[in-house]
Each structure stands twice: as structure tokens, then as C-alpha cells.
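The values are calculated or read from the model by the stated rules, or taken from the named source; none is laboratory data. If you're wondering where the values come from, they're calculated on a predicted model, not measured in any experiment. No Cβ is skipped: glycine too gets one built from the backbone with ideal geometry, and neighbour counts run over all protein chains shown. Calculation scope for accessible area: heavy atoms of the full protein, side chains included, ligands and nucleic acids excluded. Shrake-Rupley method; radii C 1.70, N 1.55, O 1.52, S 1.80 Å.
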Amino acid sequence: MRVIVELNREAVGRRAAQFVADLVRREPTCVLGLATGGTVLGMYAELVRLHREEGLDFSRVVSFNLDEYVGLGPSHPQSYRFFMQQHVFDHINIDVRNTHVPDGRALDFEAHSEQYEKMIKEEGGIDLQVLGIGTDGHIAFNEPGSSLGSRTRLKTLTEETVRDNARFFGSMEDVPQLAVTMGVGTILESRRCLLLACGDAKAKAVRNTVEGPVTAQVTASALQLHREVVAIVDEDAGRLLERRDYYRQVEQAQTLLRSGRAPQIAADR
Ligand code: GLP
């Protein structure tokens, strides 16, 4: 896994947006896997800026979001569909018909989950999956104990996640207890992953994900099995990483590679 430690939240957002924008420029019909939450806001703001000021073109991009709360429809201000419209889709030229978020009000979640997986396959799979991380080390809503081979399905949220997300709802009682979420197995099938983490509260989860054992108790740790993951964290979220100096060294070598002063080889995954 490549680990990039940036100075602060803003720098994480800009760096992450660069990865996404590079892909969109290179492959205008790419399939993006998208995430919600406070961490990804900076990245979305930068992508919106790149669209407005530099004409970054999303017209042929397809997107699939990771998850949605059960019971919340698209007009509910805390639904992830609402979040995506508010912060991203309403401000770029993506065709809304090409954007997919699981339906929190599906009548048959099993059928809906299967259909979601099928749609991802029909689009040729996800080229780049953006991920945040929960304080318990979850990706999407794959709470500790989720099968590392899991597919899109319903998941019961842990008390820790409900507490963490209560800040968006006002009270813990208002947070849905269930979500429909891509599985760890679904995420591992994407071609590249971009994991973002900011703030002190994520430090332990980041350490366990990057340097701990691969375990279903920290579902993000399954990313160690993926061939192309870039983790971008800020100083606070990266403060418990034991091999920070090495990660910096790798980034310096990467800069050298990009500058053409070293042979062009795929390195340091
Ligand atoms: C929720 C989402 C995750 C996200 C996490 C972190 O649990 N389902 O996909 O990674 O929140 O959110 P935040 O960035 O707000 O800390």
C-alpha cells in the first residue's frame, strides 16, 4: 500500500482530487466509486473547482456510491443521495442518470443489492474507488466482523458508528440502525482504491489498517490484499504510523521518478 502523509485536511482533499482528476482526464468514460462523510468534502470541493475553472469533464463518467442508510429517501437531508447531489453532482456536468447510490427505501433489499452488483459489472467494474474510514476501521458500512468476501447487502451499524454519525442527525435516536452497503469483496474488485483519513480520531484505525494484521475486525485492513491502494492521510490521522519515515522516503523517490531523473518503473505499491 502506498501511504501519503499530507500536512492537513485541505492538502488531503487536494491530493485526492488530483488522483481522481488524472483518471477522468485519462479515461473520460471511467467508473468512479464514491464515498460520503466529512473527510471527502475537501476532495469534492476541489473537483468542483477543477470542473468550473479548468473544464474537468464528467459528462461521460459513471459513478457508484458505497452505501446508503436504510429508510432514508433521496430528499432526506441526511441521505447519502442528498449529500452527493448537494456537494458534487449539482455542481459538475455528470449525467445524473449515470450516478448510482443504493436505494435506502428499496422494497426488497436482497434483490436490490444483487441488482447493484450487476450494474457495477455491466459498467465494466469500478476503476477507482474512493474510501473514507470509520473510527472502528470500517470501509463503506462494513462493520467489524464483516466477511472479507462480502457483497452488497444490509448491515447493522455498530453503536460506535451510530454515535460518530449522530453529529449529522442531531441525536443518536435519529440515526438509522441499518444501511445497505457494498461489501468488502465488492470494494476489493475495484481496479484502484484511494483511502482518505483526517484527524486524530482516525489515527488508530489508520495504524491498524496499514500496519496491523489483515482481519475482519478492521475491514479496511483487507485493502492490504489489493494490488493498487493509495492511502492519503493528514498528520493527525497518520500520527501512530510506525513507518512514517519510510513512507516519506517512498514519496521522495516517487517525486524523483516523476521528474524523469530515475527509470520509469511501476514501484512502491
Ligand atoms: C460513514 C460512511 C463511511 C465513511 C465514514 C467516515 O460511516 N459509511 O463510508 O468512511 O462514515 O466518515 P467521516 O469522513 O465523516 O469521518
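In the stretch 143-153, which residues are touching a helix residue (DSSP H, G or I) at 6+ places or on another chain (Cβ under 6 Å), within 16 Å of the ligand (Cβ to nearest atom) and closer than 27 Å to Lys204 by Cβ?
Initial filter on the stretch 143-153 (touching a helix residue (DSSP H, G or I) at 6+ places or on another chain (Cβ under 6 Å)): 146, 148-153.
Cutting the leftovers down to within 16 Å of the ligand (Cβ to nearest atom) gives us 146, 150, 152-153.
Ser146, Ser150, Arg153, listed by residue number.
Residue by residue, here is whether (1) in contact with a Phe, Trp or Tyr (Cβ under 8 Å, 6 or more places away or on another chain); (2) among the basic types (Lys, Arg); (3) modelled with pLDDT under 95 holds:
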position	(1), (2), (3)
Arg207	no, yes, no
Leu225	no, no, no
Asp234	no, no, no
Leu256	no, no, yes
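What residue, of Leu72, Leu107, is assigned to a loop (DSSP other than H, G, I, E, B) and either crowded, with 19+ Cβ neighbours inside 10 Å or within 15 Å of the ligand (Cβ to nearest atom) (or both)?
Just a single option satisfies the conditions, and that option is Leu72.
Go through the residues of the stretch 42-54 one by one and say whether even a single one is in a loop (DSSP other than H, G, I, E, B) and surrounded by fewer than 22 Cβ atoms within 10 Å (Cβ to Cβ).
no
Which residues, counting only those in the stretch 83-104, are within 17 Å of the chain's Cα centre (by Cα) and more than 13 Å from the ligand (Cβ to nearest atom)?
Gln85, Val88, Phe89, Thr99, His100
Right, Leu188: within 14 Å of the chain's Cα centre (by Cα), surrounded by fewer than 21 Cβ atoms within 10 Å (Cβ to Cβ), at pLDDT 95 or above and away from the ligand (no atom under 13 Å from the Cβ) or not? So that I can check it myself, show each step before the final result.
Working: within 14 Å of the chain's Cα centre (by Cα): yes; surrounded by fewer than 21 Cβ atoms within 10 Å (Cβ to Cβ): yes; at pLDDT 95 or above: yes; away from the ligand (no atom under 13 Å from the Cβ): yes.
Yes; evaluated as a whole, the condition is true for this residue.
Could you list, in sequence order, the residues of the stretch 80-104 that are closer than 18 Å to Val130 by Cα and either hydroxyl-bearing (Ser, Thr, Tyr) or part of a loop (DSSP other than H, G, I, E, B) (or both)?
Answer for the stretch 80-104, where residues must be closer than 18 Å to Val130 by Cα and either hydroxyl-bearing (Ser, Thr, Tyr) or part of a loop (DSSP other than H, G, I, E, B) (or both): Tyr80, Val88, Ile92, Ile94, Thr99, Val101, Pro102.
Restricting the search to the stretch 111-141, which residues are assigned to a helix (DSSP H, G or I), in contact (Cβ under 8 Å) with a residue 12 or more places away in the chain and not hydrophobic (A, V, I, L, M, F, W, C)?
His112, Ser113, Glu114, Tyr116, Glu117, listed by residue number.
If the requirement is being surrounded by fewer than 18 Cβ atoms within 10 Å (Cβ to Cβ) and either within 9 Å of the ligand (Cβ to nearest atom) or under 17 Å from Leu72 (Cα atoms) (or both), which of these qualifies: Ala201, Ala197, Ala140, Ala179? Outline the logic, then answer.
Numbers: Ala197 fails: surrounded by fewer than 18 Cβ atoms within 10 Å (Cβ to Cβ); Ala140 fails: surrounded by fewer than 18 Cβ atoms within 10 Å (Cβ to Cβ); Ala179 fails: surrounded by fewer than 18 Cβ atoms within 10 Å (Cβ to Cβ).
Step by step, each of Ala201, Ala197, Ala140, Ala179 is checked, and only Ala201 is surrounded by fewer than 18 Cβ atoms within 10 Å (Cβ to Cβ) and either within 9 Å of the ligand (Cβ to nearest atom) or under 17 Å from Leu72 (Cα atoms) (or both).
If we keep just the residues of the stretch 143-176 that are modelled with pLDDT under 95 and of a type in the set (Gly, Ala, Ser), which is least open to solvent (accessible area, probe 1.4 Å)?
Here the answer is Ala166.
When you go through (1) in contact with a strand residue (DSSP E or B) (Cβ under 6 Å, 6 or more places away or on another chain); (2) part of a helix (DSSP H, G or I); (3) surrounded by fewer than 24 Cβ atoms within 10 Å (Cβ to Cβ) one by one for Val12, which number turns out not to apply?
Answer for Val12: the failing condition is (3).
Counting only residues that are of a type in the set (Ser, Thr, Tyr) and crowded, with 21+ Cβ neighbours inside 10 Å, which one in the stretch 15-41 is nearest to Asp95 (Cα to Cα)? Working first, answer last.
So the first thing to find is which residues in the stretch 15-41 are of a type in the set (Ser, Thr, Tyr), and the list is 29, 36, 39.
Those still in the list that are crowded, with 21+ Cβ neighbours inside 10 Å too: 36, 39.
Values: Thr36: 19, Thr39: 24 Å.
So the residue we want is Thr36.
Restricting to the stretch 154-176, count the residues that are of a type outside the set (D, E, K, R) and within 11 Å of the ligand (Cβ to nearest atom). Break it down into steps so the answer makes sense when it comes.
Narrowing the stretch 154-176 to residues of a type outside the set (D, E, K, R): 154, 156-158, 161-162, 165-166, 168-172, 175-176.
So of that shortlist, the ones also within 11 Å of the ligand (Cβ to nearest atom) come out as 157-158, 161-162, 165, 168, 175.
Total satisfying the criteria: 7.
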